[in-house]
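Here's the structure, in structure tokens; my notes come after.
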Amino acid sequence: MGTPDFIRDIRADAGHQLLVLPGVTAVVFDDEGRVLLGRRADNGEWALVAGIPEPGEQPAAAAVREVFEETGVHCETERVVSVHAMRKPITYPNGDVCQFMDITFACRAIGGEAHVHDEESLEVGWFPVDALPELRDFALFRLKQALGDGPTWFEPAIG
């Protein structure tokens, strides 16, 4: 799907200026304990499945929708892994600047076959957690949180 229509509408007035947006990430495991990854079309890197909720869409529903749209895999959310405000804005090749408030969910695959299902991915696949392709540190952090059984991670308020 790429950029949601409602973001395009905002960009028509806001131009490239910084937008603070909600984001969701799904750490999806299959019955063998493998994790679902997609190789992004925009930068060629392997990543966890992520996206932007539509207005009024619940975060868990957005995560499930994004997984299906990008990979063809049906999943269900099991728990919130982390809530994290990204420290640095992302500047996209077209000049748009965004900063995301990410909610990461641990998810379980319940059907479908992993395949490239939209234009956002070059490849998708299941990977054993001990044989992952190169991932960014933040993806590895969220994966580690999803593998654990601790409480939801968030950065404590400094007061």
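The values are calculated or read from the model by the stated rules, or taken from the named source; none is laboratory data. This one's a predicted model, so the numbers in the text were calculated from it and none came from an experiment. Note that each Cβ is placed from the backbone with ideal geometry, even for glycine, and that neighbours are counted across all protein chains shown.
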#### Entry: Out of Arg142, Arg79, Arg108, sole residue that is more than 21 Å from Pro22 (Cα to Cα), in contact with a strand residue (DSSP E or B) (Cβ under 7 Å, 6 or more places away or on another chain), of a type in the set (Lys, Arg) and modelled with pLDDT of 95 or more
Arg108
### Query
Being assigned to a helix (DSSP H, G or I), under 24 Å from Phe138 (Cβ atoms) and more than 14 Å from the chain's Cα centre (by Cα), is that true of even one residue in the range 11-18?
no
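Residues checked against (1) under 21 Å from Glu78 (Cβ atoms); (2) buried (at least 16 other Cβ atoms within 10 Å of the Cβ); (3) out of contact with any Lys or Arg (no Cβ under 6 Å at 6 or more places or on another chain); (4) not acidic (Asp, Glu):
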position	(1), (2), (3), (4)
His16	no, no, yes, yes
Val24	yes, yes, yes, yes
Leu37	yes, yes, yes, yes
Asp42	no, no, yes, no
Leu48	yes, yes, yes, yes
Ile52	no, yes, yes, yes
